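The next block holds one structure in the form of structure tokens; read it before the comments.
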Amino acid sequence: MPPDNSDAFNKIKVKLYREIYGGNKDFLLPGRASKSFNAMRAATRRRPFENHHASNSLLSYWQAAIRQKDRAGAENVFVRRYNICKYMHLRMNPEKTTDDNKNRRGRKTETAAGCYFHIPFCARKCAYCQFLSFTFDEKTETRYANAVLMELRLFAERLSSAPPVDSIYFGGGTPGLIPAEHIAGIINECRRIFHVTADCEITLETNPGAVSLEKAADYRAAGVNRVSLGAQSFSDAELRAVGRIHSAAQIMESLAALAGAGFDNINLDLMLGLPFQNAESWRATLRAAAGCPVRHISVYMLELDERSPLAVQTAGGKPFLPGEDLVADLYLETINYLVSRGLYQYEISNFARTGSSSRHNMKYWRRIPVYGFGLGSHSFDGRFRYANVSEIENYCRRVESGRSPVDRSSEVAEKQALEETFFLGLRLAAGVDLREVADDFKDPAAGFLAGREKALEDFREKGLIDINSSRLRLTEKGMLLSNEVLELFI
Ligand code: SF4
């Protein structure tokens with residue numbers, strides 16, 4: 001068994017981080033730099049995986065960079081050297097190796113991109129809605145569906161090769177209101193443009209009241225294999241209070257129609273904090289939802305846009321909204337209840353049976369590219385974030401005349417990417433893998449977290465986060481008060 005030098009390695013790593021990222025100018029002195037480099041090399045050199053030739057070349061690059069006072073060059077060598085050491089360190093620690101390889105495999109399988117299509121049409125606007133959606137007529141809907149196809153083709157013209165795609169998501173709005181032939185047309189165009197994997201998850205959002213057995217079968221035939229159903233509540237009084245078009249009975253009818261059409265991968269959206277909701281009615285909703293044949297449940301807390309009709313009514317003193325403390329207690333109760341029913345919390349608002357987390361959502365939280373199409377859609381291609389125009393006439397005119405509908409675009413700088421990694425990744429129950437961050441970024445997690453140590457310690461003392469050398473995550477209480485913690489990273 002080769003010697004385990006992990007302690008020595010860790011000490012050197014911390015020291016070098018401080019020297020390079022803590023702004024200590026001493027590291028620019030050739031003697032000091034070589035000493036540090038050699039110390040790091042010594043910590044691992046007796047390992048059978050050491051490639052002395054590569055190591056010596058790195059040392060000469062390092063020394064040349066130091067001679068030229070080239071901080072960026074020296075950092076680059078350091079990062080490469082650190083990755084070699086880290087790799088060997090993990091090879092020497094079977095437990096960590098297994099864990100790390102799991103993450104690597106996970107990330108590898110997740111490198112396929114996703115596509116998002118925004119379908120902004122709804123039968124009626126709900127009283128709390130803050131999404132880009134509106135009622136529609138058939139002519140507008142047909143024109144829009146054709147415009148989305150045109151946007152896809154415009155996008156394809158800029159591609160040099162077909163990126164792999166393992167998730168296609170139709171969100172809205174209520175995509176389940178438009179004819180299946182439009183959905184099929186978009187999916188087929190995706191298959192022509194991208195390398196759509198055989199197991200691609202193709203999700204369609206819809207609402208109870210918009211589902212029939214015939215329509216469900218048509219969507220299934222079009223290629224949809226997952227449905228997200230906006231149930232929100234199993235209380236008719238609560239549904240009425242927010243202007244939903246369906247009743248609790250229709251949720252069950254929709255599920256039966258979806259099952260009849262062969263759908264076995266279904267999500268139910270629920271809302272906590274609805275008018276007239278109390279502990280008893282929420283528990284009844286949860287029991288009903290957990291008893292349904294679904295693999296995934298999302299629980300969102302009602303957030304009121306001040307311009308929404310419900311916010312205006314609430315400002316006038318009615319309808320009755322449950323208090324914040326009650327909502328907080330019910331949220332914590334929800335986590336325990338759903339876990340007891342085999343639905344594990346993998347994100348602040350999302351629960352799934354094993355292996356059924358939403359691919360589309362995971363891409364967003366793990367910063368994996370998602371190409372957005374349609375009105376107001378947002379995209380991330382791994383380097384740039386960009387958003388389409390959000391006015392339908394403008395959107396249609398642009399793509400119909402062969403122009404891009406992109407309204408604004410910005411390159412994600414290294415610092416922003418790090419912020420996003422923590423801001424988005426901390427929403428996941430698994431939290432942020434600090435070793436992955438060190439692998440992925442030039443400015444490793446240790447440097448990024450350096451100025452935030454005190455705040456993190458405060459959060460840890462308050463029981464909001466759990467932190468160790470390799471992982472940072474929110475506790476259950478932290479998930480409830482996530483905004484307080486996540487603010488630290490923006
Ligand atoms: S169904 Fe969804 S998108 Fe449509 S109005 Fe209601 S909340 Fe908004």
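Name the residues in segment 180-191 that are free of Cβ contacts under 8 Å to residues at least 60 places away in the same chain and either touching a helix residue (DSSP H, G or I) at 6+ places or on another chain (Cβ under 8 Å) or at positive phi (or both), would you? Talk me through it step by step, then tell me what you get.
To start, the set of residues in segment 180-191 that are free of Cβ contacts under 8 Å to residues at least 60 places away in the same chain comprises 180-185, 187-189, 191.
Selection gives Ala180, Glu181, His182, Ile183, Ala184, Gly185, Ile187, Glu189.
Would you confirm whether any residue within segment 300-322 is within 16 Å of Gln232 (Cβ to Cβ), in contact with an Asp or Glu (Cβ under 8 Å, 6 or more places away or on another chain) and either not acidic (Asp, Glu) or not assigned by TED's automatic domain parsing to the domain that holds Met479 (or both)?
Yes, because at least one residue in segment 300-322 is within 16 Å of Gln232 (Cβ to Cβ), in contact with an Asp or Glu (Cβ under 8 Å, 6 or more places away or on another chain) and either not acidic (Asp, Glu) or not assigned by TED's automatic domain parsing to the domain that holds Met479 (or both).
Collect the residues in segment 156-179 that are crowded, with 21+ Cβ neighbours inside 10 Å and either without any contact (Cβ under 8 Å) to a residue 24 or more places away in the chain or more than 16 Å from the ligand (Cβ to nearest atom) (or both), keeping them in residue-number order.
Listed by number, the residues that qualify are Val165, Asp166, Ser167, Ile168.
Considering every residue within segment 186-196, establish whether at least one is within 16 Å of Glu141 (Cα to Cα) and either part of a helix (DSSP H, G or I) or away from the ligand (no atom under 13 Å from the Cβ) (or both).
Taking segment 186-196 first, the residues within 16 Å of Glu141 (Cα to Cα) are 186.
In the following step, the residues that additionally are either part of a helix (DSSP H, G or I) or away from the ligand (no atom under 13 Å from the Cβ) (or both) were identified as 186.
Yes, segment 186-196 contains a residue that is within 16 Å of Glu141 (Cα to Cα) and either part of a helix (DSSP H, G or I) or away from the ligand (no atom under 13 Å from the Cβ) (or both).
Which one of the conditions (1) closer than 24 Å to Val242 by Cα; (2) in contact with a helix residue (DSSP H, G or I) (Cβ under 6 Å, 6 or more places away or on another chain) does Trp365 fail to meet, given that it meets all the rest?
Here Trp365 meets the rest and fails (1).
Of these, Glu436, Glu411, Glu393, Glu420, which one is among the charged types (D, E, K, R), farther than 27 Å from Ala352 by Cα and out of contact with any strand residue (DSSP E or B) (no Cβ under 6 Å at 6 or more places or on another chain)?
It is Glu393.
Restrict the check to segment 332-351 and report whether at least one residue is crowded, with 16+ Cβ neighbours inside 10 Å, of a type in the set (D, E, K, R) and closer than 26 Å to Leu486 by Cα.
Checked segment 332-351: at least one residue is crowded, with 16+ Cβ neighbours inside 10 Å, of a type in the set (D, E, K, R) and closer than 26 Å to Leu486 by Cα.
Just one of the numbered conditions (1) assigned to a helix (DSSP H, G or I); (2) surrounded by 13 or more Cβ atoms within 10 Å (Cβ to Cβ) is not true of Ser356; which one?
(1)
Pairs under 6 Å by beta carbon, first residue in a helix (DSSP H, G or I) in segment 462-490, partner surrounded by fewer than 18 Cβ atoms within 10 Å (Cβ to Cβ), six or more apart or different chains?
Short answer, once both residue conditions are applied: Lys477/Gly463; Leu480/Ala328; Leu488/Arg452; Leu488/Ala455; Phe489/Glu419.
Can you tell me which residues in segment 261-277 are surrounded by 14 or more Cβ atoms within 10 Å (Cβ to Cβ) and more than 17 Å from Asn207 (Cα to Cα)?
Result: Leu272, Gly273, Leu274, Pro275, Phe276, Gln277.
Looking at (1) within 20 Å of the chain's Cα centre (by Cα); (2) modelled with pLDDT of 95 or more; (3) farther than 20 Å from Ser482 by Cα, which one does Val412 not meet, given that it meets all the others?
Tallying (1) within 20 Å of the chain's Cα centre (by Cα); (2) modelled with pLDDT of 95 or more; (3) farther than 20 Å from Ser482 by Cα, Val412 fails exactly one: (2).
Return the residues of segment 224-254 that are more than 25 Å from Gln313 (Cβ to Cβ), within 27 Å of the chain's Cα centre (by Cα) and either within 15 Å of the ligand (Cβ to nearest atom) or free of Cβ contacts under 8 Å to residues at least 40 places away in the same chain (or both); say none if nothing qualifies. Step through it out loud before you land on a result.
Going through segment 224-254, the residues more than 25 Å from Gln313 (Cβ to Cβ) turn out to be 224-229, 249, 252-254.
Those left that are additionally within 27 Å of the chain's Cα centre (by Cα): 224-229.
Scanning segment 224-254 gives Val227, Ser228, Leu229.
Considering only residues that are closer than 18 Å to Leu302 by Cβ and either aromatic (Phe, Trp, Tyr) or part of a loop (DSSP other than H, G, I, E, B) (or both), which ones fall in segment 258-280?
Gly273, Leu274, Pro275, Phe276, Gln277, Asn278
Can you tell me how many residues within segment 214-256 are assigned to a loop (DSSP other than H, G, I, E, B) and either under 21 Å from Ile202 (Cβ atoms) or not assigned by TED's automatic domain parsing to the domain that holds Pro179 (or both)?
Looking only at segment 214-256, we keep the residues that are assigned to a loop (DSSP other than H, G, I, E, B), and these are 223-225, 233-235, 242-247.
Of the ones still in play, those that are also either under 21 Å from Ile202 (Cβ atoms) or not assigned by TED's automatic domain parsing to the domain that holds Pro179 (or both) are 223-225.
Going through segment 214-256 one residue at a time, the tally reaches 3.
Which one is modelled with the lowest pLDDT among residues in segment 106-145 that are of a type in the set (Asp, Glu) and crowded, with 16+ Cβ neighbours inside 10 Å? Full working, then the answer.
First pass over segment 106-145, keeping only residues of a type in the set (Asp, Glu): 110, 137-138, 141.
Then keep just the ones that are crowded, with 16+ Cβ neighbours inside 10 Å; that gives 110, 141.
Numbers: Glu110: 48, Glu141: 95.
So, considering only residues that are of a type in the set (Asp, Glu) and crowded, with 16+ Cβ neighbours inside 10 Å, the one modelled with the lowest pLDDT is Glu110.
If you go through segment 406-430, how many residues are buried (at least 19 other Cβ atoms within 10 Å of the Cβ) and assigned to a strand (DSSP E or B)?
1
Please list, ordered by first then second residue, the pairs with beta carbon atoms under 9 Å, 6 or more apart or interchain, first in segment 119-133 and under 19 Å from Leu204 (Cβ atoms) and more than 7 Å from the ligand (Cβ to nearest atom), second among the acidic types (Asp, Glu) and not in a loop (DSSP other than H, G, I, E, B).
Ile119/Glu141; Ile119/Glu205; Phe121/Glu141
Which residues, counting only those in segment 475-490, are of a type in the set (D, E, K, R) and either within 19 Å of Ala413 (Cα to Cα) or in contact with a helix residue (DSSP H, G or I) (Cβ under 7 Å, 6 or more places away or on another chain) (or both)? Break it down into steps so the answer makes sense when it comes.
Taking segment 475-490 and keeping what is of a type in the set (D, E, K, R), we get 476-477, 484, 487.
Of everything in segment 475-490, those that are of a type in the set (D, E, K, R) and either within 19 Å of Ala413 (Cα to Cα) or in contact with a helix residue (DSSP H, G or I) (Cβ under 7 Å, 6 or more places away or on another chain) (or both) turn out to be Glu476, Glu487.
With the requirement that a residue be of a type in the set (Ser, Thr, Tyr) and within 16 Å of the ligand (Cβ to nearest atom), what does segment 197-223 give you? Reasoning before the result, please.
Filtering segment 197-223 down to residues of a type in the set (Ser, Thr, Tyr) leaves 197, 203, 206, 212, 219.
Passing the criteria: Thr203, Thr206.
The values are calculated or read from the model by the stated rules, or taken from the named source; none is laboratory data. All values derive from a computational prediction rather than experimental measurement. Virtual Cβ from ideal backbone geometry, glycine too; neighbours counted across all protein chains shown.
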